[in-house]
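The structure appears below as structure tokens.
What follows is calculated from the coordinates using simple rules that are stated; it is not laboratory data. None of the values given here were measured: they were computed from a predicted structure. With ideal geometry, Cβ positions are generated from the backbone for all residues, glycine too; neighbour counts draw on all protein chains shown.
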Amino acid sequence: MVFLHKILNFIFKTIFFLYRKNKLRLALINGMNVGKNSKFIGIQDFGSEPYLIKIGNQCLITDGVRFINHDGGIQVPFIKTGEDIDNIYGKKSIFGKIEIGDNVFIGSSSLILMDTYIGDNTIIAAGSIVKGTFPPNCIIGGIPARIISDIESYHAKNDSKLIIFSENESSQLRKKKIIKILD
């Protein structure tokens, strides 16, 4: 039974890995621009216009992050005036770019909307809905996202909680370090 579990787990992880890599590869093929050494953890949604997304160098984009480069809501006024949805859907929309600076961390399940510029060295809190222009060196979060801190204050506040792992540490040793610092 344990052997079967290991085989199924391996198959699932392989399929998940290939699915995740394929989504990223398709976005890149369709024109998404990604700088050097940026990392994608988990699965992201790059929307139907990945060619409108530019991600800088050394960014970390976590699981569940979505990029939306269009606003189909513009269709509602046309339908209100009597146009048929079948003649409008997919034919009338508004588009905008998304630009992420260098060294930006985007927390899990954040939503980045069109016409958004994120400055360098920025942290976006998990679950944020981000639209607009944000300067470098800040922490943003919330719905809608707003500036909640700066990088220096965040680092000073959390420096005592920092755990440093060596490259070859086992997951068991990592677990012990985490529990020890939190007790």
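The rule of thumb for compact globular proteins, 2.2 N^0.38 Å, goes into the C-alpha radius of gyration of the chain 1.27 times. The stretch between LYS23 and ILE7 holds 3.3 nm of extra length on full extension. This uses 0.36 nm per residue minus the Cα-Cα distance. Comparing THR14, THR133, THR81 in a Gaussian network model of the chain where C-alpha atoms under 10 Å apart are linked, the largest mean-square fluctuation is found at THR81. Summing Cβ point charges (Lys, Arg +1; Asp, Glu -1) relative to the Cα centre of the chain gives a dipole of roughly 760 debye. With all pairs of separate Cα atoms included, segment 59-135 yields a Kirkwood hydrodynamic radius of 13.8 Å. Relative to one another, the C-alpha centroids of segment 42-101 and segment 104-172 are positioned 22 Å apart. Taking every DSSP bridge with both residues inside segment 1-157, close to 20 percent are antiparallel.
Of all lysines in the structure, those lying under 18 Å Cα to Cα from LYS23, and not within fewer than 8 positions of it along the same chain, are LYS13, LYS39, LYS54.
Of GLY141, GLY101, GLY72, which is the most mobile in a GNM of the chain whose springs link Cα atoms less than 10 angstrom apart? The residue with the greatest mean-square fluctuation here is GLY72.
Above 15 Å lies some portion of the pair distances; for segment 113-183, what is it as a whole percent of all C-alpha pairs? The answer is 63 percent, as a whole percent.
Between PHE40, PHE134, PHE78, the GNM of the chain built on Cα springs shorter than 10 angstrom shows PHE78 fluctuating the most. Think of the chain as having a plus end and a minus end, set by charges on the Cβ of Lys, Arg, Asp and Glu; of THR62, LEU28, ILE163, ILE163 sits farthest toward the positive end of this dipole. Available extension along the chain between LYS157 and ILE79 is 22.9 nm, counting 0.36 nm per residue and deducting the alpha carbon span. Putting +1 on Lys and Arg Cβ atoms and -1 on Asp and Glu Cβ atoms, find which of GLY73, ILE118, ALA145 reaches farthest to the positive end of the dipole of segment 52-183. After comparing all options, I get ALA145.
By its C-alpha gyration tensor, with a ≥ b ≥ c as the square roots of the eigenvalues, how is segment 1-90 shaped: rounded for a/c under 1.5, else prolate for a/b larger than b/c, else oblate? Oblate, because a/c is 1.5 or more while a/b does not exceed b/c.
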